[in-house]
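One structure below.
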Amino acid sequence: MGAQLRQNAFVRRVAATIAQAGIDPRQLTFEITESVAMEDAKGTLKAFEALCAIGVHLSIDDFGTGYSSLSYLRQLQVGELKIDRSFVQDLECSADARAIVQAVIRLAHALGLKVVAEGVDTQAQQQVLTRLQCDELQGYLFARPMPAERVAEWAEGKHSSSQVPFAPSSYRPP
């Protein structure tokens with residue numbers, strides 16, 4: 001997606017598709033991995049500015065695994081950081097992993113960004129991330145990947161059993 005993102009016609013195609021579908025661009029979030037974003041940081045910045053101008057939200061995925069500059073993070077106009085599962089998997093056994101995740105969450109919140117932790121597979125990970133004030137959690141603890149046609153049924157089942165009725169694999173701590 002990196003090369004596509006930075007093509008001049010990409011943002012025009014996105015805007016045309018949004019208009020044709022009649023959707024609110026604020027309901028659309030583009031995720032791009034940190035490493036792809038940093039392949040051409042200036043090109044990514046230009047593309048992100050154009051996407052923001054049409055109202056699309058932006059998210060940096062796999063944060064912490066690439067080599068991004070914190071100054072670019074500030075400039076990219078993203079609204080969300082997704083902490084890579086490699087950090088989440090080590091939360092229970094590594095003080096270093098907990099310290100890194102806590103620092104990322106604090107940094108993101110200080111910049112006004114939402115934080116999503118990927119790869120939450122255990123209740124212990126959920127508890128640690130909730131204590132660290134992570135905004136949203138994704139992982140097998142909440143749901144496995146599923147076909148789109150099963151999402152409504154899944155959400156109704158979660159709601160009726162008083163579990164959290166959010167998108168598959170996503171949970172917002174109380």
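What is the stretch 29-152 by shape, rounded, prolate or oblate, if you read a ≥ b ≥ c off the alpha carbon gyration tensor as root eigenvalues and call it rounded for a/c under 1.5, prolate for a/b larger than b/c, and oblate otherwise? It comes out oblate by the Cα gyration axes.
Amide hydrogen proximity for residue 117: with H placed 1.01 Å from N in the peptide plane, the residues at 5 or more positions away or on another chain lying under 5 Å are 83, 136, 137, 138.
Rule-based calculations on the coordinates, nothing more; no lab input. Treat the numbers as computed from the prediction; the structure is a model and nothing was measured.
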